[in-house]
1. Would you confirm, using the coordinates I've provided, whether Ile77 is in a helix (DSSP H, G or I), closer than 25 Å to Lys168 by Cβ and β-branched (Val, Ile, Thr)?
2. Name every residue in the range 95-116 that is within 11 Å of ligand 1 (Cβ to nearest atom) and in a loop (DSSP other than H, G, I, E, B), in order of residue number.
3. Restricting attention to the range 121-140, does a residue exist that is under 17 Å from Ser37 (Cα atoms) and basic (Lys, Arg)?
4. Quick check on my filter: what residues within the range 171-187 are in contact with a strand residue (DSSP E or B) (Cβ under 6 Å, 6 or more places away or on another chain), of a type in the set (A, V, I, L, M, F, W, C) and either part of a strand (DSSP E or B) or within 12 Å of ligand 1 (Cβ to nearest atom) (or both)?
5. I'd like the residue in the range 22-68 that is among the polar types (S, T, N, Q) and more than 30 Å from Gly207 (Cα to Cα) and, out of all such residues, is surrounded by the fewest Cβ atoms within 10 Å (Cβ to Cβ).
6. Here is a list: Gly192, Gly197. Which entry is in a loop (DSSP other than H, G, I, E, B), within 12 Å of ligand 1 (Cβ to nearest atom), more than 17 Å from the chain's Cα centre (by Cα) and surrounded by 13 or more Cβ atoms within 10 Å (Cβ to Cβ)?
7. Just give me the residues in the range 143-170 being open to solvent by 50 Å² or more (accessible area, probe 1.4 Å), within 16 Å of ligand 2 (Cβ to nearest atom) and either of a type in the set (Val, Ile, Thr) or in contact (Cβ under 8 Å) with a residue 24 or more places away in the chain (or both), in sequence order.
8. If you go through the range 125-136, how many residues are open to solvent by 20 Å² or more (accessible area, probe 1.4 Å) and either assigned to a strand (DSSP E or B) or modelled with pLDDT under 95 (or both)?
Amino acid sequence: MSKVTQVSHPLILHKLAYVRDKNTGSKYFRELVEEISMLMAYEVTRNFDTEEVEIETPICKTKCKMLAGKKTAIVPILRAGLGMVDGMLRIIPAAKVGHIGLYRDEKTLQPVEYFCKLPQDIAERDVIVVDPMLATGGSAADAITMLKKRGAINIRLVCLIGSPEGIKYITEAHPDVDVYIASIDEKLNENGYIVPGLGDAGDRLFGTK
Ligand code: PRP
Ligand code: URA
């Protein structure tokens, strides 16, 4: 069964309030999403394996812990997931980045695939899928299915805002995938938007519409 971790650090909640504000323009919105993603990266990497290594300080030899060498891939769901990549890379700079292109059909709300380019050794990597919004959960579930078809086995999902419906959908569709989310909002409205949410994340990031 998926573990759902709500990352409600005060700094994240503070920044999320500005992200939600309709008066926040694209430049500040992008900066905030990047900063929140950096803070989320700290949480999503919390249970990464470490191994003991011996190093020499200027004083003596000692044993320390370092990451056990498992490689990471960050996979944004285009477009809005792109806004989370740089923040994640600040904390995990050696990660490779794959891209999955999906958009939600405005009428059916079903995800439509248009792009997939992943690191060739995706099966050996810890994969972190990023998308600010988990509304119906359809896009994230499809992206994870695409990853699994290409061999990925160790997958985590990081979102900023989700709905109870989206959480239920993704945890039932992919019970092996742990979810990290800053806020689980009230509900979806009749147009499939998260309430209160932040509106359309892609449009707000890139200044479209
Ligand atoms: C948004 C968002 C998610 C998806 C969430 O993308 O970034 O990918 O909707 O909705 P769902 O959980 O109901 O699938 P959108 O389809 O608007 O595309 P964009 O990122 O290109 O704007
Ligand atoms: N996609 C968004 O960008 N926002 C929502 O509220 C739902 C889907």
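The values are calculated or read from the model by the stated rules, or taken from the named source; none is laboratory data. For clarity, every value in this text was computed on a predicted model and none was experimentally measured. Here the Cβ positions follow ideal geometry from the backbone for every residue, glycine too, while neighbour counts run over all protein chains shown. Note: areas computed on protein heavy atoms with side chains; ligands, DNA, RNA excluded. Shrake-Rupley method; radii C 1.70, N 1.55, O 1.52, S 1.80 Å.
1. no
2. Asp105, Glu106, Thr108, Leu109, Gln110, listed by residue number.
3. Checking the range 121-140: not a single residue is under 17 Å from Ser37 (Cα atoms) and basic (Lys, Arg).
4. Val179, Ile181, Ala182, Ile184
5. Among those residues, the one meeting the criterion is Thr57.
6. Sole residue among the options that is in a loop (DSSP other than H, G, I, E, B), within 12 Å of ligand 1 (Cβ to nearest atom), more than 17 Å from the chain's Cα centre (by Cα) and surrounded by 13 or more Cβ atoms within 10 Å (Cβ to Cβ): Gly192.
7. Selection gives Glu165, Lys168, Tyr169.
8. 1
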